[in-house]
Amino acid sequence: MRKPLLKIKNLSTGYFPKKRESRVLHQSLNMELAAGEMVCILGPNGTGKSTLLRTLLGFQRPLNGEVFYSGCSLKELSVKEMAMEISVVLTDRIDDSFLTVYEVAATGRYPYGSLSGRLGINDRKIISGAIQQVGIEHISRQLFSTLSDGEKQKTMIARAIAQDTPLIFLDEPAAFIDSPNKVIIMELLKKLAHEHHKGILLTTHDMEPALRFADKLWLLGTSGEFEEGPPETLVEQGSINRLFDTDVVVFNSTARRFEKREN
């Protein structure tokens, strides 16, 4: 059995709308993520997908429980140590209008850099390899600000690859991207997991690509429910219907899509 890169033990997530008061979103979560796995976090709006991701990254403190990376507690890891464990692709936009695609990807090497910030031969080799992996070498000298949303997302994934970490976390990596490019992004992430032995964890609103590409789903419900497992298993046992069906829309487990509920 593969040793987990990420281990979540009795984790409770939520936030503090007022001092000394907390709103719990999910409790007693116990999950693992191993090298070679791609896991999608799915849930209706407001269930806490981004909250869970931010808690795992240490951006938001847990209400209870612990998070371990390669056996080390998140509490004990420095910022630099975290940067060598996890690379992150968030929905935040880069505002610098003067960086090229290559220069954005190169920022992934900063955790390994010298005080001068200079890139060595090995750094440049890794950056070029990351750019080739995502298929954007033809635009590597183009300004990042001039790219389409799909090209920008590929650039950010190239930066994550260049950071050369065992884990890659992504928050809505296919948001604002057209359907063909969503498939390309998801195929790329699955390839990183299966062929390059990365642990991939991402949040998404898109059920159909998640069912098609994920090795495992973490399903979050609006009332604190949590279920995990392979997509096929969760579909067959009705987990998608339990957590996502509404008075208006129902998940068709045969067609693998949401449809308007018939009266």
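The values are calculated or read from the model by the stated rules, or taken from the named source; none is laboratory data. Just so you know, these numbers come straight off a predicted model, no measurement behind them. In this analysis, Cβ positions are derived from the backbone assuming ideal geometry, glycine residues included, and neighbour counts consider all displayed protein chains. Please note that ligands, DNA and RNA were not included when accessible areas were found on the heavy atoms of the full protein model with its side chains. Shrake-Rupley method; radii C 1.70, N 1.55, O 1.52, S 1.80 Å.
Farthest toward the positive end of the dipole of the chain, out of ILE41, PRO62, THR146, is the Cα of PRO62, where the dipole comes from beta carbon charges about the Cα centre. Using C-alpha pairs under 8 Å with a sequence gap of at least 6, the mean separation divided by the residue count of the chain gives a relative contact order of 24 percent.
Stokes-Einstein D for the range 46-163 at 10 °C, 1.306 mPa s, Kirkwood Rh over Cα pairs, in µm²/s? Value of D from the Cα-based Kirkwood radius: 101 µm²/s.
Based on protein heavy atoms only, the range 164-263 ends up with 50 Å² per residue of surface accessible to a 1.4 Å probe. For the range 1-93, count all C-alpha to C-alpha pairs, find those more than 23 Å apart, and express that count as a whole percent of the total. Within the range 1-93, distances greater than 23 Å cover 25 percent of Cα pairs. Here the peptides 228-236, 100-108, 76-84, 180-188 are ranked by packing, the mean other Cβ count within 10 Å, and the order with the highest first is 100-108, 180-188, 228-236, 76-84.
Report summary: the helix-based calculation at 222 nm, which adds -39500 (n - 2.57) for every DSSP H run with n ≥ 4 and divides by the residues of the chain, gives -9000 deg cm²/dmol. Among the listed pairs LYS9/LYS260; LYS7/LYS80; LYS182/LYS260; LYS9/LYS152; LYS7/LYS190, those whose Cα-Cα separation exceeds 27 Å are LYS9/LYS260; LYS9/LYS152. Given R0 = 35 Å, the distance between the Cβ atoms of SER70 and ARG124 translates into a calculated FRET efficiency of 0.80. FRET efficiency for the LYS260 to VAL183 pair, using the beta carbon distance and R₀ = 30 Å, is estimated at 0.75.
Can you grab the distance from the C-alpha centre of the range 186-263 to the C-alpha centre of the range 132-185, Å, no decimals? About 22 Å separates the Cα centre of the range 186-263 from the one of the range 132-185.
At 7 Å along Cα-to-Cβ for each site, give me the label-to-label distance between HIS196 and ASP247 in nm. My value for the distance between the label points is 4.7 nm.
Listed values for the range 150-157 are Karplus-derived 3J(HN,Hα) couplings in whole Hz (6.51 cos²θ - 1.76 cosθ + 1.60, θ = phi - 60°), namely x, 5, 5, 5, 4, 5, 5, 5, and x replaces Gly and Pro. Between 0 and 90 degrees, the angle of helix 179-196 with respect to the longest Cα principal axis of the chain falls at about 70 degrees. On full extension, the segment bounded by ARG23 and HIS205 gains 63.3 nm, given 0.36 nm per residue less the C-alpha separation. Note on surface exposure: SER28, SER140 rank SER28, SER140 by accessible area, highest first, 1.4 Å probe.
Given their separation in residues at 0.36 nm each and the Cα-Cα distance between them, SER97 and ARG2 gain 29.9 nm when the chain is fully extended.
Rounded to a whole number of µm²/s, how large is the Stokes-Einstein D of the chain at 25 °C and 0.890 mPa s, given Rh as the Kirkwood radius over C-alpha pairs? Estimated via Stokes-Einstein, D reaches 126 µm²/s. Using the Cβ-Cβ distance between LYS80 and SER148 with R0 = 41 Å, the FRET efficiency computed as 1/(1 + (r/R0)^6) comes to roughly 0.75. With all protein chains in place and a 1.4 Å probe, the accessible surface of the chain carries 48 percent carbon and sulfur.
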